[in-house]
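> There's a structure below that I have some questions on.
The values are calculated or read from the model by the stated rules, or taken from the named source; none is laboratory data. Note that this is a predicted model, so its numbers are computed, not measured. Glycine gets a Cβ as well: all are built from the backbone with ideal geometry, and neighbour counts include every protein chain shown. Keep in mind that these areas ignore ligands, DNA and RNA; they rest on the heavy atoms of the full protein, side chains included. Shrake-Rupley method; radii C 1.70, N 1.55, O 1.52, S 1.80 Å.
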Amino acid sequence: MAQSIISGQTHGPILASSEGLSFWGGVDPATGIVIDAHHPLHGQSLAGKLLLMPTSRGSCTGSGVLLELIQNGHAPAALIFREAEDVLTLGALVAQRLFGMVVPVVRLGPADFAALSGAASATLSETGITAPGLSLPLTPLAVTKLDLSDADRAMLAGDEGAAPQMAMQIICTMAALQGAATLIDVTQVHIDGCIYASPANLRFARLVADMGAKVRVPTTMNAISVDHANWRAQGVPPDFGLPASRLADAYVQMGARPSFTCAPYLLDTTPKAGEMIAWAESNAVVYANTVLAARTVKHPDFLDLCIALTGRAPLSGVYLDKHRAARRIIRITPPATHDDALWPMLGYLAGQLAPDRIPLLTGLEHLTPTEDDLKAMCAAFGTTSAAPMLHVAGITPEAGMIAPDADTVTATPADLAQIWQQLNPGPTQIDLVAFGSPHFSLAECRALADLLDGHHRHADTAVIVTTGHDTLAAARAEGIIARLEAAGVQIVPDICWCSITEPVFPPSAKTLMTNSGKYAHYAPGLCGREVRFGSLAECALAARTGTAANTPPSWLL
């Protein structure tokens, strides 16, 4: 069935991809050019194209990037998906509802999607899509009658003010898109839209804050784009520092806690198994569902705030048992030995093998990963897959949930060796070692200090750790920060590597090394640098010597 999600009229060339794309970290918000160095569309412009792809993937911030592209005239002419998609659809919905700007969104069945992908250009109207030799009638989005509470109806009617009304309108539209029949209460929200990915994020936040909006449930905030208290002293230009800090201030004004971390599972508000929450930030969503067995859809930026303003979310997706089951079993033959680099590589590989569905990883039952290993795995998985969780047999709490129609694929050490090659394209001279994507935990700070005790970073190699304020305070109280600083390590709160900019990011650095599979993927597009990837110990050694090994670790050979 060909379905119109957001109707409109346009004409343009077709740009088709068989692979999903994260707009944040994958598309330049100022130009519409694909910057994800690992994506088949790398270097191509999306502006004015009818973009066809199965669904989006990666970051929840893609909705903000799309809103900026729509507002600056570099957006695709239309978005055409084959699978369910929320992140970019929400960005287009906000552009339509709040700013009166339309980019049509369409969902096609597999056969129609394949047929249109082969066309050079197409014309889209409110009732159909035409291309040479092809005519596809469109049906409007079927609106399911929502079972709303009296409080929901009051907000929808505007009885609680303009901001809750706007928020409830968007939530109800997304509920229809997701096929939800009702809304649920959530106990907490984690806001991702506080990252200054583009001016559009600030425009949206200020528009809502100026309505007098206030959150109704406990709400934490993701890492932001500047060290809020120190960006001026760090030399960050005011034309970036001011709007970035004002964006954070807008969310604090609306009642959000200035936690400024991309790892909310490290806070004192960690949700319990079965708890209904509403988190944005892809790594946090995957970790919450996978490791904690809490329940949250991967909510797009902007929808996260709408849920915080109402305390309500559509009952859909992985809030429901039936959608938490694995639909692909990945039978892994692990290497005989390994180090901590195995886990982000497994997550990255699992995402490639299950880009559009929840997988179950088997063959790892004898291993004992730490919470930080699982954190790294979840972050890397969220980079290459659109799925909001994965299961690991014998390790994660819901690994017994398997769909009856799940298929099976295999993965070997040779596949992991290929991942290592993909994440290590850069030269071996290291100018920067980047730790903390996601934010470093207290245990990681402690482990790095142990590796660097009695040593100092190489004179030509900067070493930076990003972490949250809570972790920073605990590490300082334990004396860990003093040990790291004695080794020449710089500790930066509030920001993470996915939002860092020059001059906090050393301008002279040409090649960086990281133990994060997520950042190894995104860094070439985000900062334009060469990248090396390795374990925590390998990164610590590179910090001391200024060089990385040019061969895979021995356990991969």
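> The conditions are (1) closer than 30 Å to residue 65 by Cα; (2) surrounded by 24 or more Cβ atoms within 10 Å (Cβ to Cβ), and residue 502 fails exactly one of them. Which is it?
Failed condition: (2).
> Can you name every residue in region 531-554 that is open to solvent by 20 Å² or more (accessible area, probe 1.4 Å) and touching an Asp or Glu at 6+ places or on another chain (Cβ under 9 Å)?
Within region 531-554, 536, 537, 538, 549 qualify.
> Also, quick follow-up: Does at least one position in region 524-531 carry a residue that is within 29 Å of residue 416 (Cα to Cα), outside any loop (DSSP other than H, G, I, E, B) and of a type in the set (D, E, K, R)?
To start, the set of residues in region 524-531 that are within 29 Å of residue 416 (Cα to Cα) comprises 524-531.
With the extra rule that they be outside any loop (DSSP other than H, G, I, E, B), the set shrinks to 524-527, 530-531.
Those still in the list that are of a type in the set (D, E, K, R) too: 530.
Scanning region 524-531, I find at least one residue that is within 29 Å of residue 416 (Cα to Cα), outside any loop (DSSP other than H, G, I, E, B) and of a type in the set (D, E, K, R), so the answer is yes.
> Among the residues of region 485-515, what is the count of those that are in a strand (DSSP E or B) and either under 17 Å from residue 469 (Cβ atoms) or of a type in the set (Val, Ile, Thr) (or both)? Break it down into steps so the answer makes sense when it comes.
Within region 485-515, the subset in a strand (DSSP E or B) is 490-493, 495, 511-514.
Keeping just the survivors that are either under 17 Å from residue 469 (Cβ atoms) or of a type in the set (Val, Ile, Thr) (or both) gives 490-493, 495, 511, 514.
Number satisfying all stated conditions: 7.
> Please go through region 136-153 and give me each residue that is open to solvent by 90 Å² or more (accessible area, probe 1.4 Å) and without any contact (Cβ under 8 Å) to a residue 40 or more places away in the chain, ordered by number. Full working, then the answer.
To start, the set of residues in region 136-153 that are open to solvent by 90 Å² or more (accessible area, probe 1.4 Å) comprises 137, 140, 143, 145, 147, 150, 153.
Matches in region 136-153: 143, 145, 147, 150, 153.
> Continuing with the same structure: For region 129-147, enumerate the residues that are more than 30 Å from the chain's Cα centre (by Cα) and either among the β-branched types (Val, Ile, Thr) or within 19 Å of residue 92 (Cβ to Cβ) (or both). Let's see the steps before the verdict.
Here is the first cut: in region 129-147, the residues more than 30 Å from the chain's Cα centre (by Cα) are 129-139, 145, 147.
Hits for region 129-147 are 129, 130, 138, 139.
> Moving on to the next point. Output the residues belonging to region 447-479 that are β-branched (Val, Ile, Thr) and not in a helix (DSSP H, G or I). Outline the logic, then answer.
Keep residues of region 447-479 that are β-branched (Val, Ile, Thr), which gives 461, 463-467, 471.
Scanning region 447-479 gives 461, 463, 464, 465, 466, 467.
> Contact list please: Cβ distance under 8 Å, first residue in region 364-375 and open to solvent by 90 Å² or more (accessible area, probe 1.4 Å), second residue assigned to a helix (DSSP H, G or I), pairs at least six apart or on different chains.
371/291; 371/443
> Sort through 414, 406, 434 and tell me the only one that's surrounded by fewer than 17 Cβ atoms within 10 Å (Cβ to Cβ), hydrophobic (A, V, I, L, M, F, W, C), at pLDDT 95 or above and part of a strand (DSSP E or B). Full working, then the answer.
On the way: 414 fails: part of a strand (DSSP E or B); 434 fails: surrounded by fewer than 17 Cβ atoms within 10 Å (Cβ to Cβ).
Residue meeting the stated conditions: 406.
> So, one more: Name every residue in region 231-259 that is polar (S, T, N, Q) and either within 22 Å of residue 300 (Cα to Cα) or open to solvent by 70 Å² or more (accessible area, probe 1.4 Å) (or both), in order of residue number. Walk me through it before giving the result.
Going through region 231-259, the residues polar (S, T, N, Q) turn out to be 234, 245, 253, 259.
Those that are polar (S, T, N, Q) and either within 22 Å of residue 300 (Cα to Cα) or open to solvent by 70 Å² or more (accessible area, probe 1.4 Å) (or both): 245, 253, 259.
> Something else now. Here are the criteria: (1) more than 22 Å from residue 311 (Cα to Cα); (2) among the acidic types (Asp, Glu); (3) outside any loop (DSSP other than H, G, I, E, B). Tell me which single one residue 227 does not satisfy.
(3)
> Related question: Looking at the structure I just gave you, is residue 322 outside any loop (DSSP other than H, G, I, E, B), surrounded by 18 or more Cβ atoms within 10 Å (Cβ to Cβ) and among the charged types (D, E, K, R)? So that I can check it myself, show each step before the final result.
Details: outside any loop (DSSP other than H, G, I, E, B): yes; surrounded by 18 or more Cβ atoms within 10 Å (Cβ to Cβ): no; among the charged types (D, E, K, R): yes.
No.
> May I ask you to verify whether residue 36 is of a type in the set (Asp, Glu) and assigned to a helix (DSSP H, G or I)?
On the way: of a type in the set (Asp, Glu): yes; assigned to a helix (DSSP H, G or I): no.
No, not satisfied.
> Collect the residues in region 51-66 that are under 30 Å from residue 205 (Cβ atoms) and over 16 Å from the mean Cα position of the chain (by Cα), keeping them in residue-number order. Can you show your working first?
Within region 51-66, the subset under 30 Å from residue 205 (Cβ atoms) is 51, 53, 55-66.
Within region 51-66, 51, 53 meet the criteria.
> Condition first: small (Gly, Ala, Ser), in a loop (DSSP other than H, G, I, E, B) and over 23 Å from the mean Cα position of the chain (by Cα). Can you find one or more residues in region 346-361 that meet it?
Our first condition is that a residue be small (Gly, Ala, Ser); within region 346-361, this holds for 347, 350-351, 354.
Pick out the ones that are also in a loop (DSSP other than H, G, I, E, B) and you get 354.
Now restrict to residues that are over 23 Å from the mean Cα position of the chain (by Cα): none.
Taking every residue of region 346-361 in turn, none turns out to be small (Gly, Ala, Ser), in a loop (DSSP other than H, G, I, E, B) and over 23 Å from the mean Cα position of the chain (by Cα).
> While we're looking at this one, here's another question. Using the structure shown, decide if residue 269 is over 21 Å from residue 381 (Cα atoms), in contact with a Lys or Arg (Cβ under 9 Å, 6 or more places away or on another chain), open to solvent by less than 30 Å² (accessible area, probe 1.4 Å) and β-branched (Val, Ile, Thr).
Numbers: over 21 Å from residue 381 (Cα atoms): yes; in contact with a Lys or Arg (Cβ under 9 Å, 6 or more places away or on another chain): yes; open to solvent by less than 30 Å² (accessible area, probe 1.4 Å): no; β-branched (Val, Ile, Thr): yes.
Against the criterion (over 21 Å from residue 381 (Cα atoms), in contact with a Lys or Arg (Cβ under 9 Å, 6 or more places away or on another chain), open to solvent by less than 30 Å² (accessible area, probe 1.4 Å) and β-branched (Val, Ile, Thr)), residue 269 does not qualify.
> Kindly indicate the residue of region 421-431 that is of a type outside the set (S, T, N, Q) and buried (at least 18 other Cβ atoms within 10 Å of the Cβ) and also nearest to the chain's Cα centre (by Cα) among those meeting that condition. Quick ask: steps written out before the conclusion?
Residues of region 421-431 that are of a type outside the set (S, T, N, Q), as a first pass: 423, 425-427, 430-431.
Filter again for buried (at least 18 other Cβ atoms within 10 Å of the Cβ), leaving 423, 426, 430-431.
Working: 423: 18, 426: 24, 430: 27, 431: 26 Å.
By that ranking, first place goes to 423.
> Can you tell me how many residues within region 493-520 are touching a helix residue (DSSP H, G or I) at 6+ places or on another chain (Cβ under 6 Å) and aliphatic (A, V, I, L, M)?
1
> Could you please find all residues in region 1-33 being part of a loop (DSSP other than H, G, I, E, B) and closer than 21 Å to residue 136 by Cβ?
Initial filter on region 1-33 (part of a loop (DSSP other than H, G, I, E, B)): 1-2, 7-9, 17-20, 22-26, 28-32.
Of everything in region 1-33, those that are part of a loop (DSSP other than H, G, I, E, B) and closer than 21 Å to residue 136 by Cβ turn out to be 1, 2, 7, 8, 9, 17, 18.
> Go through region 239-249 and count every residue that is without any contact (Cβ under 8 Å) to a residue 40 or more places away in the chain and either closer than 17 Å to residue 210 by Cβ or in contact with a Lys or Arg (Cβ under 8 Å, 6 or more places away or on another chain) (or both). Before you say what the answer is, go through the steps one by one.
At the first step, the residues of region 239-249 found to be without any contact (Cβ under 8 Å) to a residue 40 or more places away in the chain are 239, 241-242, 245, 249.
Of the ones still in play, those that are also either closer than 17 Å to residue 210 by Cβ or in contact with a Lys or Arg (Cβ under 8 Å, 6 or more places away or on another chain) (or both) are 241, 249.
Result for region 239-249: 2.
> Quick check on this structure: which one of 474, 434, 393 is in contact with a strand residue (DSSP E or B) (Cβ under 6 Å, 6 or more places away or on another chain) and either over 30 Å from residue 528 (Cβ atoms) or of a type in the set (Asp, Glu) (or both)? Steps first, answer last, please.
Values: 474 fails: in contact with a strand residue (DSSP E or B) (Cβ under 6 Å, 6 or more places away or on another chain); 434 fails: either over 30 Å from residue 528 (Cβ atoms) or of a type in the set (Asp, Glu) (or both).
On inspection, the qualifying residue turns out to be 393.
> Mind listing just one residue for me: the one in region 124-135 that is in contact with a helix residue (DSSP H, G or I) (Cβ under 9 Å, 6 or more places away or on another chain) and in contact (Cβ under 8 Å) with a residue 24 or more places away in the chain and, of those, surrounded by the fewest Cβ atoms within 10 Å (Cβ to Cβ)? Talk me through it step by step, then tell me what you get.
If we filter region 124-135 for residues that are in contact with a helix residue (DSSP H, G or I) (Cβ under 9 Å, 6 or more places away or on another chain), which is where we start, we get 129, 131, 133-134.
Filter once more, keeping what is in contact (Cβ under 8 Å) with a residue 24 or more places away in the chain: 129, 131.
Numbers: 129: 24, 131: 18.
Residue satisfying both the conditions and the ranking: 131.
> On to the next question. Could you please find all residues in region 443-470 being open to solvent by less than 20 Å² (accessible area, probe 1.4 Å) and either more than 19 Å from residue 492 (Cβ to Cβ) or hydroxyl-bearing (Ser, Thr, Tyr) (or both)?
Start the filter on region 443-470 by keeping residues that are open to solvent by less than 20 Å² (accessible area, probe 1.4 Å), which leaves 445, 448-449, 452, 461, 463-468.
Once the filter is applied, which keeps residues that are open to solvent by less than 20 Å² (accessible area, probe 1.4 Å) and either more than 19 Å from residue 492 (Cβ to Cβ) or hydroxyl-bearing (Ser, Thr, Tyr) (or both), region 443-470 yields 461, 466, 467.
> Right, something else. Condition (residue is modelled with pLDDT of 95 or more, open to solvent by 10 Å² or more (accessible area, probe 1.4 Å) and not in a helix (DSSP H, G or I)) applied to region 276-289: is it met by at least one residue?
Yes; the residues of region 276-289 include at least one that is modelled with pLDDT of 95 or more, open to solvent by 10 Å² or more (accessible area, probe 1.4 Å) and not in a helix (DSSP H, G or I).
> Among (1) closer than 27 Å to residue 23 by Cα; (2) in contact with a strand residue (DSSP E or B) (Cβ under 7 Å, 6 or more places away or on another chain), there is one condition residue 200 misses while meeting the rest; what is its number?
Only one criterion is unmet by residue 200, namely (2).
> Given the conditions (1) outside any loop (DSSP other than H, G, I, E, B); (2) more than 26 Å from residue 342 (Cα to Cα); (3) touching a residue at least 24 places away in the same chain (Cβ under 8 Å), and given that residue 482 satisfies all but one, which numbered condition is not satisfied?
The single condition residue 482 does not satisfy is (3).
> So which of 336, 313 ends up being at pLDDT 95 or above and not in a strand (DSSP E or B)? Break it down stepwise before answering.
Details: 313 fails: not in a strand (DSSP E or B).
Criteria check complete, one pass: 336.
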